[in-house]
Amino acid sequence: MFRTDLLKDKVILVTGGGSGLGRSMTERFLQLGANVAIASRRIELLQSVAKELGEATGRQVYASQADVRIPEQVTHMIDDVEAHLGPIDVLVNNAAGNFISPTERLSHRAFDAVMGIVLHGTVYCTLELGKRWISRNRAGTVLSIVATYATTGSGYVVPSAISKAGVVTLTKSLAGEWGKYGIRLNTIAPGPFPTEGAWSRLMPTEAIEALFKSQVPLGRMGEHRELANLASYLVSDESAFITGALVHIDGGESAWNAGGFNVLDQVTAAQWDELETARRGSKG
Ligand code: HXC
Ligand code: NAP
């Protein structure tokens, strides 16, 4: 889909880049010529992924350990990455925490655990890099991965929904404020993309997975390369006029959920015949 030099020599930091969608984006960025740092809490995992992807692509991959909930660790992570790969051009806020639960079963610590990773972690990483870009008079790009419920809210994932909404608002706010410095910020809202991290916490049984699939008009889950290609475009210079955007990649899930009458999908052809007779019969 892209020229293989699309991201040539860009330095990209992907939080949560050792697993799931973060790993898939990292692999695609490397194939397109970038050097990538991956950061999260599990350093052994990061180091083995860095080794594997570095050998497969011939690009530089650097692993840095950090808990994005802790501002001092974020500062250290960015110092560490810049010392090894040079100044960072692109930040991908991908790290997240989430689980399904009725909200009345949650403690304040459960809220803090998710909001700390998703909302505070994204703020800390964005602020630290934004300050550096502005003081260096250097352009930069931020891409944050949110979720389809970021703009609608959703029950059963309330700490995540609050946090993802905050990330969308952060993105729009700073796209306005920091455009003058050449800093672009965008968000991607993925529908369901199978990953071990999300499936183990959100779709623990096949029955729940089937429920989610039934909400996607295109009738399937997303493929990682589809999201990785969209992310590559949004962090590349080819999207230089796009900022403050929220791009859905969800097989139509958001459109389906927004249309109250889409539940009529369940009506059979025979039932439609009966309905039509009743409807026409009631006329005049
Ligand atoms: C209720 C829970 C819980 C659960 C944890 N808690 N899991 N409460 N139901 N399933 C509560 C704990 O009891 C505790 O409160 C508090 O949360 C903190 O728990 P810890 O285990 O100490 O937290 P921590 O070790 O910091 O781990 C954070 C985590 C964990 C979010 C809980 O799941 C994690 O590390 N996740 C990272 C990866 C991830 O979640 N990936 C999925 C992303 S998918 P008490 O009161 O007991 O002390 C996504 C969108 C998907 O974001 C959309 C799909 C369509
Ligand atoms: P995942 O593999 O569980 O990814 C989450 C990553 O975040 C992990 O690599 C984890 O690494 C890292 N992380 C968690 N807490 C952290 C912390 N405190 N500090 C630093 N890193 C931390 O799940 P995924 O499905 O790929 O999710 C990736 C992104 O896509 C998330 O933003 C998620 O909300 C979004 N998303 C996913 C889906 C989907 O269907 N998969 C749908 C919508 C949105 P460590 O454990 O090593 O810290």
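For L46, state whether it is surrounded by 15 or more Cβ atoms within 10 Å (Cβ to Cβ) and either closer than 28 Å to P204 by Cβ or touching an Asp or Glu at 6+ places or on another chain (Cβ under 8 Å) (or both). Answer is yes for this residue.
Applying the condition of being closer than 19 Å to I78 by Cβ and of a type in the set (V, I, T) to segment 1-15 and asking which residue is farthest from ligand 1 (Cβ to nearest atom) yields V11.
Among the strands (runs of 3 or more DSSP E) contained in segment 16-111, which hold 3 or more residues that are modelled with pLDDT of 95 or more and within 15 Å of ligand 1 (Cβ to nearest atom)?
Values: elements: 35-40, 61-65, 90-93.
Correct list: 35-40.
Yes or no, residue by residue, for (1) at pLDDT below 95; (2) within 31 Å of the chain's Cα centre (by Cα); (3) under 21 Å from A150 (Cβ atoms):
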site: V235; (1), (2), (3): no, yes, yes
site: G244; (1), (2), (3): no, yes, yes
site: V247; (1), (2), (3): no, yes, yes
site: D250; (1), (2), (3): no, yes, yes
site: E253; (1), (2), (3): no, yes, yes
site: W256; (1), (2), (3): no, yes, yes
site: G260; (1), (2), (3): yes, yes, yes
site: E276; (1), (2), (3): yes, no, no
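Residues in segment 30-43 that are within 11 Å of ligand 2 (Cβ to nearest atom) and β-branched (V, I, T) were compared, and the one that is surrounded by the fewest Cβ atoms within 10 Å (Cβ to Cβ) is I43. Of L185, L202, all but one fail to be among the hydrophobic types (A, V, I, L, M, F, W, C) and out of contact with any helix residue (DSSP H, G or I) (no Cβ under 6 Å at 6 or more places or on another chain); the exception is L202. Does V263 satisfy the criteria of being among the β-branched types (V, I, T), in contact (Cβ under 8 Å) with a residue 40 or more places away in the chain, out of contact with any helix residue (DSSP H, G or I) (no Cβ under 6 Å at 6 or more places or on another chain) and not in a loop (DSSP other than H, G, I, E, B)? No, not satisfied. Considering every residue within segment 124-146, establish whether at least one is under 13 Å from N98 (Cβ atoms), crowded, with 24+ Cβ neighbours inside 10 Å and at pLDDT 95 or above. Yes. When the test is whether a residue is within 10 Å of ligand 1 (Cβ to nearest atom) and modelled with pLDDT of 95 or more, A189 passes it. Take the conditions charged (D, E, K, R), within 20 Å of G140 (Cβ to Cβ), without any contact (Cβ under 8 Å) to a residue 24 or more places away in the chain and surrounded by fewer than 16 Cβ atoms within 10 Å (Cβ to Cβ) and apply them to D79. Does it pass? Considered against the rule, which asks whether it is charged (D, E, K, R), within 20 Å of G140 (Cβ to Cβ), without any contact (Cβ under 8 Å) to a residue 24 or more places away in the chain and surrounded by fewer than 16 Cβ atoms within 10 Å (Cβ to Cβ), D79 comes out as yes. Report every pair of residues separated by at least 6 positions or lying on different chains whose Cβ atoms are under 7 Å apart, first residue within segment 5-30 and closer than 19 Å to Q65 by Cα, second part of a helix (DSSP H, G or I) and acidic (D, E). As it stands, the answer is S19/E196; G20/E196, since those pairs meet every condition given.
The values are calculated or read from the model by the stated rules, or taken from the named source; none is laboratory data. Fair warning: this is a prediction, and the values are worked out from it, not measured in the lab. Neighbour counts run over all protein chains shown; Cβ positions are idealised from the backbone, glycine included.
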